[in-house]
């Protein structure tokens with residue numbers, strides 16, 4: 001019993017510290033640098049250690065967090081202290097916990113044990129992701145309400161309305177994904193994407209569910225309240241929306257929740273549509289080339305290859321969301337709601353019906 | 001779910017329910033409700049009801065209580081000066097609740113509930129879906145009509161000027 | 001999955017929760033808090049159903065809980081819309097002050 005707990009704890013530590021939080025840090029850095037490249041400027045590069053500025057890495061990844069952590073924690077008068085304290089925490093925890101069902105590798109064999117590289121092997125993994133997405137609304141709602149300020153309240157109301165509207169489209173996109181794979185467990189979904197169609201095309205979800213991918217991506221960007229959907233925290237309208245009255249470490253927590261959700265959406269799109277940890281041609285015992293040759297590899301090497309593939313795909317999708325953020329202007333609130341209810345919802349519904357018809361025609365689910 | 005863990009979760013659930021009915025501020029009552037619902041979902045998971053547990057979080061804690069919080073924020077309800085009925089009614093309610101719990105406890109002490117071995121794939125989506133689409137097909141379809149009626153009703157009732 | 005705690009305890013817990021919910025409905029004056037107490041009662045019933053489902057190894061209990069959740073969602077939506085209308089008409093959600101059909 002103790003060994004199993006230790007293995008699970010090790011998986012959590014590895015996933016979060018080595019994979020997710022590194023991609024989050026990369027995302028924070030790329031946010032500054034990619035925005036600079038898009039806007040034809042240099043970006044933040046003033047902070048340096050003994051003259052070494054590291055292209056802005058020292059500024060973004062060392063100076064900024066230290067600044068946030070050392071800033072004074074200002075709590076305005078008249079706020080509800082308990083809610084004000086717990087709102088950033090309730091925003092961050094569901095985003096981090098949702099990674100428990102994301103698989104980051106197949107299996108690894110250590111000391112005779114076969115360890116599944118997924119923290120929690122739930123039979124209903126997809127529902128867990130949806131549950132954590134719906135719990136993320138509380139950070140916004142409480143942050144807006146507890147701040148005793150009209151901008152925060154407006155940001156909170158807008159944010160929660162937006163999040164619950166786009167949850168529906170996200171849920172329907174996930175329904176069509178579940179119809180395609182016939183399974184709710186994310187690890188099984190990724191395993192089904194390992195086949196090679198016609199001998200060379202990897203059976204990734206993007207070829208089976210293009211509309212589903214678009215719906216999930218748009219709904220995911222709206223859920224994490226990124227531009228073009230960032231009315232709840234619109235910088236030019238609402239000061240900072242629902243986290244106006246937060247400073248120092250709590251502000252850092254809200255921003256971190258923002259980036260963790262970006263990586264979460266990237267992980268979901270990767271898992272469902274880009275083959276997760278699958279490397280085309282890599283089976284459980286080694287490479288299977290189309291010609292028929294088989295190169296055997298030790299289990300650890302295979303696991304590392306798969307984790308690297310997963311990490312690369314995560315970074316690609318994170319970069320995609322960052323580029324989208326700095327390219328598109330912001331939606332107006334009525335446009336945002338119209339897109340969610342009159343655009344994405346019918347599209348997702350039609351996709352579900354189309355997928356169901358296809359699955360019935362092909363005689364059963366399973367890619 | 002071992003007995004010790006159950007006792008801890010049960011104590012927390014009762015504490016959250018007490019927050020819901022005792023706290024003067026509606027926002028804290030709503031948060032107490034979230035706590036109660038999440039803990040009950042944990043109890044569901046302990047009873048091997050996986051899909052029902054997560055549905056509980058998605059539907060109840062993630063949507064219904066958000067709706068409650070929305071309405072509270074919209075109406076800007078603060079703490080209330082006089083939140084409770086006269087003490088006679090309180091005593092009556094408490095007596096009724098304690099009586100019910102006592103009856104159930106005494107009845108169960110005479111005939112405890114058996115715990116069978118776990119069926120294969122119990123609590124998963126497949127079993128629930130098999131029930132929903134065979135025995136309970138009619139209620140399933142009627143529920144979808146009910147939800148449609150509720151949506152239309154809520155939209156009409158929420159208008160500023162009723163027709 | 002390991003064995004659950006003695007199932008009778010779950011039933012006692014749901015009876016206690018039901019009693020608490022009923023007390024809340026009787027005792028509180030704020031209409032929204034009354035609604036929340038009703039939700040607690042519904043959840044206590046859900047817990048009973050799931051406990052019996054586990055005891056009898058029967059997924060019928062899960063199906064009933066599914067329906068209870070759907071009906072509770074519908075009821076919450078319509079009920080809160082009604083409370084909004086009451087607030088617009090009387091500027092209060094205190095049950096003691098919403099006693100006359102006019103004025």
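Got a number for residues in the stretch A:260-295 being surrounded by 22 or more Cβ atoms within 10 Å (Cβ to Cβ) and not in a loop (DSSP other than H, G, I, E, B)? Residues meeting the conditions: 14. Here residue A:136 qualifies as closer than 23 Å to residue A:230 by Cβ and within 13 Å of another protein chain (Cβ to nearest Cβ). Kindly check whether there is at least one residue in the stretch C:74-84 that is under 25 Å from residue B:86 (Cα atoms) and either at the interface with chain B (Cβ under 7 Å from one of its Cβ atoms) or surrounded by fewer than 18 Cβ atoms within 10 Å (Cβ to Cβ) (or both). Yes; the residues of the stretch C:74-84 include at least one that is under 25 Å from residue B:86 (Cα atoms) and either at the interface with chain B (Cβ under 7 Å from one of its Cβ atoms) or surrounded by fewer than 18 Cβ atoms within 10 Å (Cβ to Cβ) (or both). The residues of the stretch B:121-163 that are under 30 Å from residue A:125 (Cβ atoms) and at pLDDT below 85, listed by number, are B:121, B:122, B:123, B:124. Considering (1) touching a residue at least 24 places away in the same chain (Cβ under 8 Å); (2) within 21 Å of residue B:92 (Cα to Cα); (3) touching a strand residue (DSSP E or B) at 6+ places or on another chain (Cβ under 9 Å), the lone condition that residue C:27 does not fulfil carries the number (1). Is one or more of the residues making up the stretch C:30-44 buried (at least 23 other Cβ atoms within 10 Å of the Cβ), farther than 30 Å from residue B:78 by Cα and modelled with pLDDT of 90 or more? No, every residue in the stretch C:30-44 fails to be buried (at least 23 other Cβ atoms within 10 Å of the Cβ), farther than 30 Å from residue B:78 by Cα and modelled with pLDDT of 90 or more. When the test is whether a residue is within 22 Å of residue B:129 (Cβ to Cβ), assigned to a helix (DSSP H, G or I), touching a residue at least 12 places away in the same chain (Cβ under 8 Å) and within 14 Å of chain B (Cβ to nearest Cβ), residue A:171 passes it.
Taken over the stretch A:327-342, residues that are in contact with a helix residue (DSSP H, G or I) (Cβ under 9 Å, 6 or more places away or on another chain) and surrounded by fewer than 15 Cβ atoms within 10 Å (Cβ to Cβ) amount to 3.
Based on what the data block shows, is residue A:62 modelled with pLDDT of 85 or more and either in a helix (DSSP H, G or I) or under 30 Å from residue A:190 (Cβ atoms) (or both)?
Here the answer is no, as residue A:62 does not meet what is asked.
When the stretch B:100-110 is limited to residues that are loosely packed, with under 13 Cβ neighbours inside 10 Å and facing chain C (nearest Cβ under 9 Å), the one that is nearest to residue B:47 (Cα to Cα) turns out to be B:109. Return the residue satisfying two criteria in turn: it lies in the stretch A:122-168 and is in contact with a helix residue (DSSP H, G or I) (Cβ under 8 Å, 6 or more places away or on another chain) and not in a helix (DSSP H, G or I), and of such residues it is surrounded by the most Cβ atoms within 10 Å (Cβ to Cβ). Once the filter is applied, the top-ranked residue is A:147. For the stretch C:23-42, the set of residues classified as closer than 18 Å to residue B:10 by Cα and facing chain B (nearest Cβ under 7 Å) consists of C:37, C:39, C:40, listed by residue number.
Yes/no per residue for (1) surrounded by 14 or more Cβ atoms within 10 Å (Cβ to Cβ); (2) closer than 20 Å to residue C:14 by Cα:
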{"site": "B:87", "(1), (2)": "no, no"}
{"site": "B:97", "(1), (2)": "yes, yes"}
{"site": "B:127", "(1), (2)": "yes, no"}
{"site": "B:148", "(1), (2)": "no, no"}
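The values are calculated or read from the model by the stated rules, or taken from the named source; none is laboratory data. Predicted model only: the values in this text are computed from it and were never measured. Cβ atoms come from the backbone with ideal geometry, glycine included; neighbour counts cover every protein chain shown.
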